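In what follows, a structure is listed as structure tokens, so that the remarks can point back to it.
The values are calculated or read from the model by the stated rules, or taken from the named source; none is laboratory data. Treat the numbers as computed from the prediction; the structure is a model and nothing was measured. When we count neighbours, we look across all protein chains shown, and the Cβ atoms used for this are built from the backbone with ideal geometry, even at glycine.
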Amino acid sequence: MIGGRKFFVPTMLAFGFAFLYVPILSMIFFSFNNSKLVTVMDWPNSPTLKWYGKLFQNDQIMGAAGLSIKIATMNACFSVILGTLAGLVLARFGRFRGRTLLAAMTTAPLVMPEVITGLAMLLLFVAMEQLIGWPAGRGVTTITIAHVTFSMAYVTVIIQSRLANFDDSLEEAAMDLGARPAKVFWRITLPLIMPAIISGWLLAFTLSWDDVVISQFVAGPSSTTLPMVIFSKVRLGVSPDVNALATLMVLIVATGVVLSAIVMQRQEKRRAREMQLAASD
Amino acid sequence: MSARNGKRTPGSLLTRPWEPLWQLFHRLRPARWSAYVRDHWIGKPLVTAVPMIWLVLFFMVPFIIVFGISFSQSILAIPPYESLWGWVDDKVLTLRLHLGNYNYLFTDTLYVSSYLYSVKVAAVSTLFCLLLGYPMAYGIARSPPTQRNIFLMLIILPFWTSFLLRVYAWIGLLKSNGVINNILMWLGLIDQPITMMQTDFAVYIGIVYSYLPFMILPLYSNLEKHDRTLLEAAADLGARPWKAFMRITLPLSMPGIVAGSLLVFIPAVGEYVIPSLLGRTDQLMIGRVLSDEFFENRDWPVASAVAIAMLVLLVVPIMVFQRYQNRELAHK
């Protein structure tokens, strides 16, 4: 970087972003290619939407996508509830017995290799079925439980860091004015952490929508999620309809992320302005 | 009393029968309501218990079970392992611990070599991730605020798209009739396609690509907080930019480096999807060995022993990461 920081850092940034986006863009590009060989261009017949058509006719993929949406939605809702509680406890309840354990159990899933979590969850479900007969067999329930367990850790971190950004003076003021803790939560804390809850919900949804390893362990024979279908297809090599599927998913996600970023930034600005106004009164 | 409370009609007594009681109680309140409520609120243990019970049942207990099964013996039954507990003559409870699975792990070269290979792959990928991620995080932290938000969004965006599909994208680039080989041959730089799929190189690329946001984000949040006046002071005292970087910025960013590296290294050791799609077939990573033991051989005890062996390796990095994470969340 001797004298070259002005050159070196922008170069690395440009290289890094190219590295991140070229593969995605090339995948999108080849989804419009007519050839079955994916990366060998068939210029005369391209661009074409035939792989998109094939995708929607593929019952296996469509069925798996439906199942994945169902699991991801349930997972996101449960994870947000549990993660918000855990985040609140860790950020606001001070020291108590078991805090270290709770903190450990909400950070370990963030880095735990998926094969270990998957194996552990499956062995638990098998043992539980033997002991109490529930969950009977494996399927949507077991996948959802497993997903909630690791997704809620992410939600906890998001909520906790959002709460750490605000001191508890607002909550304290509300309590001094006689509001009960539950009311303080609904009227003060919840609106404050709403952006974190929304991004936590979306993140939990994506984590579940995306998971293949843990699902493979805890899924039953009749419950195949979309990532499991993609994984078994992709193991055999590239296939053009996977490119089409990827393009659709990237487009949906990109639109969603950009839109929510704009909305959230606006809300944050408004909140900051209101806070400033309130402070100047 | 707010305007909203003032408007409350007697009708609300029906919906909120506890309200008068509460108001009476409110008059008798202790001087510092907030501190009192926070310390004596009965809902507190309840709120704590819900996530706690969930995590103990679905996160901690499973690991105890894995640990237990790793000492049991594989049998042909459903489930395919022998119970650790047994009754002798229906009277005496006995515990049978079978150490054969661990013995097997150390003596069979397949396990030792894939274990070491996984550590090597994870370490090399983490290093590459750091070498690429650090300058990027640095550049983002030093860029003007409007650009910074766009850069950050561009870093996070791939993280929201499917991990599996992003790894898949590299197959199209790396395979022998893939994009990179086609371009190089078209340019006349090579005559024969280079074999890039199913090599260590492909796995490194896959891991760096998938985990790069995890490296950049903690680094960025650290670098962004640095006090720029320190660098100015160093420059005033005659330090060259390089020296100032080495003596000030780099040591200050150490927590970010540690957090980012652990976020990449720990999951990378057990990575399953990336080596399955891009990696070598003659040398497996430990995650793949575990899953093969489980799905192909149906040897649950050995799979559990592999998981425990992996955890033994990862327990120190995981604890270091937790310390960092808790400090980071407490000090905002």
request  = Kindly check whether there is at least one residue in the range A:110-124 that is in contact (Cβ under 8 Å) with a residue 40 or more places away in the chain, under 26 Å from residue B:45 (Cα atoms) and outside any loop (DSSP other than H, G, I, E, B).
outcome  = yes
Within the range A:207-229, considering residues that are without any contact (Cβ under 8 Å) to a residue 60 or more places away in the chain and touching a helix residue (DSSP H, G or I) at 6+ places or on another chain (Cβ under 8 Å), the one farthest from residue A:83 (Cα to Cα) = A:212
request  = Looking only at the range A:187-198, decide whether some residue is at the interface with another protein chain (Cβ under 10 Å from one of its Cβ atoms) and either at pLDDT below 90 or crowded, with 21+ Cβ neighbours inside 10 Å (or both).
outcome  = no
query = Which number in (1) over 13 Å from residue B:133 (Cα atoms); (2) buried (at least 22 other Cβ atoms within 10 Å of the Cβ) marks the one condition that residue B:216 misses?
reply = (1)
message = Among the residues that make up the range B:224-239, is at least one of them in contact with a Pro (Cβ under 6 Å, 6 or more places away or on another chain), under 21 Å from residue A:13 (Cα atoms) and in contact (Cβ under 8 Å) with a residue 12 or more places away in the chain?
response = no
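For (1) closer than 27 Å to residue A:122 by Cα; (2) in contact (Cβ under 8 Å) with a residue 60 or more places away in the chain; (3) in contact with a helix residue (DSSP H, G or I) (Cβ under 9 Å, 6 or more places away or on another chain), each residue gets a yes or a no:
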site: B:52; (1), (2), (3): yes, no, yes
site: B:73; (1), (2), (3): yes, yes, yes
site: B:102; (1), (2), (3): yes, yes, yes
site: B:109; (1), (2), (3): no, no, no
site: B:113; (1), (2), (3): yes, yes, no
site: B:127; (1), (2), (3): no, no, yes
site: B:138; (1), (2), (3): no, yes, yes
site: B:157; (1), (2), (3): no, no, yes
ask   = Which residues, counting only those in the range B:77-113, are buried (at least 20 other Cβ atoms within 10 Å of the Cβ) and either in a helix (DSSP H, G or I) or on the phi > 0 side of the Ramachandran plot (or both)?
value = B:101, B:111
inquiry  = If residue A:252 satisfies all but one of (1) surrounded by 14 or more Cβ atoms within 10 Å (Cβ to Cβ); (2) under 30 Å from residue A:26 (Cβ atoms); (3) among the hydrophobic types (A, V, I, L, M, F, W, C), what's the number of the condition it fails?
reply    = (1)
request  = Could you grab me the full set of residues in the range A:24-57 that are among the polar types (S, T, N, Q), in contact with a Leu (Cβ under 9 Å, 6 or more places away or on another chain) and in a loop (DSSP other than H, G, I, E, B)?
outcome  = A:31, A:39
ask   = So, of the residues in the range B:238-271 that are at pLDDT 90 or above and not in a helix (DSSP H, G or I), which turns out to be nearest to residue B:215 (Cα to Cα)?
value = B:253
inquiry  = If the requirement is being among the hydrophobic types (A, V, I, L, M, F, W, C) and either at positive phi or surrounded by fewer than 24 Cβ atoms within 10 Å (Cβ to Cβ) (or both), which of these qualifies: B:264, B:316, B:306?
reply    = B:316
inquiry  = Quick check on the range B:61-76: of everything there that is under 15 Å from residue B:99 (Cα atoms), at pLDDT 85 or above and not hydroxyl-bearing (Ser, Thr, Tyr), which residue is surrounded by the most Cβ atoms within 10 Å (Cβ to Cβ)?
reply    = B:69
query = In this structure, is residue B:323 at pLDDT below 90, charged (D, E, K, R) and more than 27 Å from residue A:99 (Cα to Cα)?
reply = no
query = Which of (1) hydrophobic (A, V, I, L, M, F, W, C); (2) in contact with a helix residue (DSSP H, G or I) (Cβ under 9 Å, 6 or more places away or on another chain); (3) at negative phi is the odd one out, the single condition residue A:7 does not satisfy?
reply = (2)
request  = Quick one: residue B:260 ticks every box in (1) more than 13 Å from residue A:113 (Cα to Cα); (2) over 15 Å from the mean Cα position of the chain (by Cα); (3) not aromatic (Phe, Trp, Tyr) except a single one, so which number is it?
outcome  = (2)
request  = Could you check, for the range B:310-323, whether at least one of its residues is at the interface with another protein chain (Cβ under 7 Å from one of its Cβ atoms) and more than 19 Å from the chain's Cα centre (by Cα)?
outcome  = no
request  = Note down all Cβ pairs under 6 Å where the first residue falls in the range B:185-203 and is part of a loop (DSSP other than H, G, I, E, B), the second is charged (D, E, K, R), and they're at least six residues apart or on different chains.
outcome  = B:197/B:175; B:198/B:280
